[in-house]
Amino acid sequence: MSGPLRFKIESRCSTNSARTGVVTTPHGDFNTPAFMPVATAAAMKGVLPSQVRDTGAEILLNNAYHLMLRPGTELLERFGGSHRFMRWDGPILTDSGGYQAFSMSDINAIDEDGVTFKSFVDGARVHLGPESSMAVQNAIGADIIMAFDECTPYPCDYAYAKRSMHLTHRWLARCFTAMDQTEPKYGYEQALFPIVQGSTYKDLREESAHAIASFDAVGNAIGGLSVGEPDDELYEMTELVCGILPTEKPRYLMGVGTPINLLE
(Lines give C-alpha, C1' and ligand atoms only; values in the text may rest on other atoms or scores of the structure.)
Protein backbone atom coordinates (compact mmCIF):
# COMPACT_ATOMS: atom_id res chain seq x y z
CA MET A 1 0.00 0.00 0.00
CA SER A 2 1.20 3.52 -0.72
CA GLY A 3 0.25 6.91 0.63
CA PRO A 4 1.27 10.53 1.03
CA LEU A 5 2.93 10.16 4.43
CA ARG A 6 6.71 10.17 4.63
CA PHE A 7 8.91 9.39 7.63
CA LYS A 8 12.55 10.37 8.03
CA ILE A 9 14.54 9.02 10.97
CA GLU A 10 16.77 11.80 12.30
CA SER A 11 18.71 9.95 15.00
CA ARG A 12 18.98 6.61 16.78
CA CYS A 13 20.07 5.77 20.31
CA SER A 14 23.36 3.85 20.55
CA THR A 15 22.18 1.71 23.49
CA ASN A 16 18.57 0.82 22.63
CA SER A 17 16.00 1.06 19.84
CA ALA A 18 14.90 4.63 20.61
CA ARG A 19 14.79 7.02 17.64
CA THR A 20 13.66 10.48 16.65
CA GLY A 21 12.21 11.44 13.31
CA VAL A 22 10.00 13.71 11.23
CA VAL A 23 6.67 12.71 9.71
CA THR A 24 5.55 14.65 6.63
CA THR A 25 1.81 14.88 5.91
CA PRO A 26 -0.37 16.91 3.50
CA HIS A 27 -0.77 19.50 6.28
CA GLY A 28 2.87 19.78 7.29
CA ASP A 29 5.43 18.01 9.41
CA PHE A 30 5.50 16.81 12.99
CA ASN A 31 8.46 15.57 14.99
CA THR A 32 8.59 12.20 16.72
CA PRO A 33 8.22 11.18 19.42
CA ALA A 34 5.01 13.22 19.31
CA PHE A 35 2.37 13.86 21.94
CA MET A 36 -1.06 14.47 20.38
CA PRO A 37 -3.51 16.68 22.27
CA VAL A 38 -6.99 15.18 22.04
CA ALA A 39 -9.48 17.33 20.15
CA THR A 40 -12.07 14.55 20.31
CA ALA A 41 -14.98 16.44 18.76
CA ALA A 42 -12.85 18.77 16.61
CA ALA A 43 -12.23 21.23 19.42
CA MET A 44 -9.63 21.69 22.15
CA LYS A 45 -11.70 22.65 25.16
CA GLY A 46 -10.82 26.02 26.66
CA VAL A 47 -8.07 27.00 24.20
CA LEU A 48 -7.84 28.41 20.68
CA PRO A 49 -5.97 26.61 17.89
CA SER A 50 -3.23 29.25 18.05
CA GLN A 51 -2.81 28.60 21.77
CA VAL A 52 -2.53 24.86 21.12
CA ARG A 53 0.20 25.60 18.58
CA ASP A 54 2.00 27.77 21.15
CA THR A 55 2.33 24.76 23.47
CA GLY A 56 4.53 23.10 20.86
CA ALA A 57 1.88 20.60 19.75
CA GLU A 58 2.20 19.78 16.06
CA ILE A 59 -0.58 17.22 15.50
CA LEU A 60 -4.08 16.82 16.97
CA LEU A 61 -6.36 13.83 17.38
CA ASN A 62 -10.03 13.76 16.32
CA ASN A 63 -12.44 10.89 16.93
CA ALA A 64 -14.62 9.41 14.18
CA TYR A 65 -17.24 8.07 16.61
CA HIS A 66 -17.96 11.43 18.21
CA LEU A 67 -17.84 13.42 14.97
CA MET A 68 -20.08 10.92 13.19
CA LEU A 69 -22.76 11.41 15.86
CA ARG A 70 -22.26 15.16 16.33
CA PRO A 71 -22.05 17.38 14.31
CA GLY A 72 -22.22 14.65 11.62
CA THR A 73 -20.31 14.08 8.41
CA GLU A 74 -22.66 16.22 6.27
CA LEU A 75 -21.78 19.37 8.20
CA LEU A 76 -18.08 18.51 8.22
CA GLU A 77 -18.11 18.08 4.45
CA ARG A 78 -19.88 21.41 4.05
CA PHE A 79 -17.05 23.07 5.98
CA GLY A 80 -14.44 21.24 3.90
CA GLY A 81 -13.31 18.82 6.59
CA SER A 82 -12.11 19.01 10.16
CA HIS A 83 -9.10 21.24 9.43
CA ARG A 84 -11.35 24.09 8.34
CA PHE A 85 -14.05 23.25 10.86
CA MET A 86 -11.67 23.66 13.80
CA ARG A 87 -9.33 26.17 12.13
CA TRP A 88 -6.28 23.99 12.58
CA ASP A 89 -3.83 24.01 9.68
CA GLY A 90 -1.53 21.26 10.98
CA PRO A 91 -1.74 17.47 10.77
CA ILE A 92 -4.74 15.61 12.21
CA LEU A 93 -5.06 11.93 13.12
CA THR A 94 -8.41 10.21 13.62
CA ASP A 95 -9.23 7.21 15.76
CA SER A 96 -11.57 4.90 13.86
CA GLY A 97 -14.38 5.05 16.44
CA GLY A 98 -14.08 1.37 17.29
CA TYR A 99 -12.83 1.85 20.84
CA GLN A 100 -15.56 4.37 21.71
CA ALA A 101 -18.25 2.20 20.14
CA PHE A 102 -17.23 -0.61 22.51
CA SER A 103 -16.47 1.39 25.65
CA MET A 104 -18.99 4.23 25.69
CA SER A 105 -22.19 2.82 24.24
CA ASP A 106 -24.90 0.31 24.93
CA ILE A 107 -23.81 -2.27 22.36
CA ASN A 108 -26.52 -4.31 20.72
CA ALA A 109 -24.25 -6.50 18.61
CA ILE A 110 -20.67 -7.13 17.53
CA ASP A 111 -20.47 -9.31 14.45
CA GLU A 112 -18.57 -9.75 11.21
CA ASP A 113 -20.07 -6.57 9.79
CA GLY A 114 -19.12 -4.29 12.68
CA VAL A 115 -20.79 -2.84 15.77
CA THR A 116 -24.41 -1.84 16.30
CA PHE A 117 -24.88 0.50 19.25
CA LYS A 118 -27.11 3.14 20.77
CA SER A 119 -26.09 6.76 20.16
CA PHE A 120 -25.23 8.75 23.27
CA VAL A 121 -26.67 11.83 21.52
CA ASP A 122 -30.26 10.76 20.83
CA GLY A 123 -30.48 7.04 21.56
CA ALA A 124 -30.77 6.13 17.89
CA ARG A 125 -29.57 2.74 16.68
CA VAL A 126 -26.28 3.25 14.79
CA HIS A 127 -24.02 0.86 12.89
CA LEU A 128 -20.28 1.31 12.48
CA GLY A 129 -18.08 -1.07 10.52
CA PRO A 130 -14.92 -1.07 8.40
CA GLU A 131 -16.52 0.58 5.38
CA SER A 132 -18.54 3.18 7.28
CA SER A 133 -15.56 4.03 9.50
CA MET A 134 -13.47 4.71 6.39
CA ALA A 135 -16.27 6.86 4.96
CA VAL A 136 -16.53 8.89 8.18
CA GLN A 137 -12.76 9.41 8.37
CA ASN A 138 -12.70 10.38 4.70
CA ALA A 139 -15.31 13.05 5.45
CA ILE A 140 -13.31 14.28 8.44
CA GLY A 141 -10.28 14.62 6.17
CA ALA A 142 -7.60 13.61 8.67
CA ASP A 143 -4.07 13.14 7.36
CA ILE A 144 -3.67 9.85 9.24
CA ILE A 145 -6.62 7.53 9.78
CA MET A 146 -7.00 4.33 11.77
CA ALA A 147 -8.29 0.96 10.65
CA PHE A 148 -11.52 -0.21 12.31
CA ASP A 149 -10.67 -2.68 15.06
CA GLU A 150 -11.95 -4.24 18.25
CA CYS A 151 -10.07 -3.11 21.34
CA THR A 152 -10.28 -5.89 23.91
CA PRO A 153 -10.52 -5.01 27.63
CA TYR A 154 -8.05 -5.99 30.34
CA PRO A 155 -8.07 -8.62 31.62
CA CYS A 156 -9.20 -10.56 28.58
CA ASP A 157 -9.74 -14.28 28.12
CA TYR A 158 -7.23 -15.83 25.69
CA ALA A 159 -9.86 -17.39 23.43
CA TYR A 160 -11.76 -14.11 23.16
CA ALA A 161 -8.56 -12.15 22.50
CA LYS A 162 -7.66 -14.55 19.68
CA ARG A 163 -11.11 -14.38 18.04
CA SER A 164 -11.11 -10.60 18.35
CA MET A 165 -7.63 -10.30 16.84
CA HIS A 166 -8.60 -12.35 13.79
CA LEU A 167 -11.79 -10.28 13.40
CA THR A 168 -9.65 -7.12 13.51
CA HIS A 169 -7.41 -8.56 10.77
CA ARG A 170 -10.42 -9.36 8.56
CA TRP A 171 -11.79 -5.87 9.14
CA LEU A 172 -8.40 -4.44 8.19
CA ALA A 173 -8.51 -6.04 4.76
CA ARG A 174 -11.96 -4.50 4.23
CA CYS A 175 -10.67 -1.09 5.36
CA PHE A 176 -7.93 -1.14 2.72
CA THR A 177 -10.41 -2.28 0.06
CA ALA A 178 -12.78 0.52 1.00
CA MET A 179 -9.99 3.10 0.85
CA ASP A 180 -8.81 1.81 -2.53
CA GLN A 181 -12.34 2.35 -3.85
CA THR A 182 -12.77 5.83 -2.34
CA GLU A 183 -11.80 9.14 -3.88
CA PRO A 184 -10.28 11.61 -1.39
CA LYS A 185 -12.77 14.39 -0.68
CA TYR A 186 -10.34 17.25 -0.18
CA GLY A 187 -7.63 16.76 -2.79
CA TYR A 188 -5.07 14.74 -0.80
CA GLU A 189 -4.60 11.07 0.01
CA GLN A 190 -4.98 9.87 3.58
CA ALA A 191 -2.56 7.46 5.28
CA LEU A 192 -4.30 4.39 6.72
CA PHE A 193 -2.60 2.77 9.73
CA PRO A 194 -3.39 -0.88 10.65
CA ILE A 195 -3.64 -1.69 14.36
CA VAL A 196 -1.88 -4.53 16.20
CA GLN A 197 -4.07 -6.32 18.75
CA GLY A 198 -3.71 -9.47 20.86
CA SER A 199 -4.21 -8.24 24.43
CA THR A 200 -1.22 -9.13 26.66
CA TYR A 201 -0.56 -12.55 25.12
CA LYS A 202 2.88 -12.75 23.52
CA ASP A 203 2.00 -15.27 20.83
CA LEU A 204 -1.06 -13.27 19.76
CA ARG A 205 0.88 -10.02 19.71
CA GLU A 206 3.58 -11.61 17.56
CA GLU A 207 1.01 -13.08 15.16
CA SER A 208 -0.84 -9.78 14.89
CA ALA A 209 2.32 -7.72 14.37
CA HIS A 210 3.43 -10.01 11.53
CA ALA A 211 -0.05 -9.86 9.96
CA ILE A 212 -0.16 -6.06 10.21
CA ALA A 213 3.36 -5.67 8.81
CA SER A 214 2.40 -7.80 5.79
CA PHE A 215 0.02 -5.07 4.62
CA ASP A 216 3.03 -2.80 4.03
CA ALA A 217 1.17 0.29 5.19
CA VAL A 218 2.93 3.66 5.44
CA GLY A 219 2.69 3.49 9.23
CA ASN A 220 1.37 1.18 11.94
CA ALA A 221 -0.48 1.48 15.24
CA ILE A 222 -0.37 -0.57 18.44
CA GLY A 223 -3.76 -0.85 20.13
CA GLY A 224 -5.31 -2.70 23.02
CA LEU A 225 -2.83 -1.33 25.56
CA SER A 226 -3.21 1.35 28.23
CA VAL A 227 -6.58 -0.23 29.05
CA GLY A 228 -5.81 -1.15 32.66
CA GLU A 229 -2.86 -3.54 32.39
CA PRO A 230 0.21 -2.97 34.62
CA ASP A 231 2.90 -0.72 33.12
CA ASP A 232 5.41 -3.56 32.92
CA GLU A 233 3.04 -5.49 30.64
CA LEU A 234 2.46 -2.37 28.54
CA TYR A 235 6.22 -1.95 28.05
CA GLU A 236 6.79 -5.66 27.40
CA MET A 237 4.10 -5.88 24.72
CA THR A 238 5.25 -2.64 23.09
CA GLU A 239 8.88 -3.80 22.92
CA LEU A 240 7.81 -7.15 21.50
CA VAL A 241 5.66 -5.59 18.78
CA CYS A 242 8.20 -2.91 17.86
CA GLY A 243 10.75 -5.65 17.31
CA ILE A 244 8.53 -7.00 14.51
CA LEU A 245 7.02 -3.90 12.87
CA PRO A 246 9.17 -2.23 10.18
CA THR A 247 11.77 0.05 11.74
CA GLU A 248 11.67 2.58 8.90
CA LYS A 249 7.99 3.41 9.43
CA PRO A 250 6.28 5.45 12.15
CA ARG A 251 4.40 3.72 14.97
CA TYR A 252 1.47 5.07 16.94
CA LEU A 253 1.09 3.68 20.48
CA MET A 254 -2.59 4.31 21.10
CA GLY A 255 -3.91 5.68 24.36
CA VAL A 256 -0.54 6.21 26.06
CA GLY A 257 0.28 9.68 27.30
CA THR A 258 1.77 10.02 30.79
CA PRO A 259 5.26 11.56 30.96
CA ILE A 260 6.90 8.39 32.31
CA ASN A 261 5.14 6.29 29.65
CA LEU A 262 6.51 8.57 26.96
CA LEU A 263 10.07 8.28 28.30
CA GLU A 264 9.83 4.49 28.45
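What order do you get for 230-239, 131-140 when each peptide is scored by the mean count of other beta carbon atoms within 10 Å, highest first?
By packing density, highest mean first, the sequence is 131-140, 230-239.
What list of whole percents do you get for P(r) of segment 109-184, with Cα-Cα distances grouped in 5 Å bins up to the one holding the largest distance?
Once binned at 5 Å, the Cα pair distances of segment 109-184 give 3, 15, 22, 21, 19, 14, 6, 1.
List, largest first, the extents of the alpha carbons of segment 17-122 along their principal axes, each in whole Å.
Its Cα atoms span 42, 39, 25 Å along the three principal axes.
Give the longest segment of the chain that steers clear of trypsin sites (Lys or Arg not before Pro) in DSSP loops with at most 15 neighbouring Cβ atoms within 10 Å, not counting the sites themselves. Show your work: numbers first, answer last.
Values: sites that count: K45, R87.
Of all site-free stretches, the longest is 88-264.
What is the antiparallel percent of DSSP beta bridges lying wholly in the chain, to the nearest 5?
Details: 20 of 35 bridges.
That works out to approximately 55 percent antiparallel.
Can you give me the Kirkwood hydrodynamic radius for segment 64-150, using every pair of distinct Cα atoms, in Å to one decimal? Display every interim value, and only then the final one.
Details: mean 1/r = 0.0765 Å⁻¹.
That comes to 13.1 Å for segment 64-150.
Kindly provide log₁₀ I(q)/I(0) values, in the same order as q = 0.17 Å⁻¹, from the Debye equation applied to equal alpha-carbon scatterers of segment 135-264.
Debye output, listed in q order: -0.88.
May I ask you to list the aspartates and glutamates whose Cα is less than 13 Å away from that of K202, ignoring any residue fewer than eight positions away on the same chain?
Here the aspartates and glutamates satisfying the reach criterion relative to K202 are E233, E236, E239.
Which FRET efficiency value, to the nearest 0.05, is calculated for S50 and D111 with the Förster distance at 45 angstrom and r the Cβ-Cβ distance?
Once the sixth-power term is evaluated, E becomes 0.50.
Write down the accessible area per residue of the chain in Å², having rolled a 1.4 Å probe over the full set of protein chains.
The answer is 47 Å² per residue.
Which of L240, L93, L60 ends up with the largest GNM mean-square fluctuation for the chain, with Cα atoms connected below 10 Å?
Among L240, L93, L60, the largest mean-square fluctuation in the Gaussian network model of the chain belongs to L240.
222 nm [θ] for the chain, helices only, -39500 (n - 2.57) per DSSP H run of 4+, per residue, to 500?
About -10000 deg cm²/dmol.
Would you work out what percent of the accessible area of segment 146-264, with all protein chains in place, is carbon or sulfur (probe 1.4 Å)?
53 percent
Given the convex hull of the Cα atoms of the chain, what is a quarter of its surface area in nm²?
13.5 nm²
Between D203 and S11, what's the calculated FRET efficiency when r is the beta-carbon distance and R0 is 22 Å? Round to 0.05.
Plugging the Cβ-Cβ distance into 1/(1 + (r/R0)^6) gives 0.10.
Using a cut-off of 18 Å between alpha-carbon atoms, which aspartates and glutamates can reach K118, once sequence neighbours fewer than 8 places away in the same chain are excluded?
Excluding near neighbours in sequence, the set is D106, E150.
The values are calculated or read from the model by the stated rules, or taken from the named source; none is laboratory data. Computed from a prediction, not measured in an experiment: that's the story for all the values here. Here Cβ is always computed from backbone atoms with ideal geometry, including for glycine, and neighbour counts include all displayed protein chains. Please note that ligands, DNA and RNA were not included when accessible areas were found on the heavy atoms of the full protein model with its side chains. Shrake-Rupley method; radii C 1.70, N 1.55, O 1.52, S 1.80 Å.
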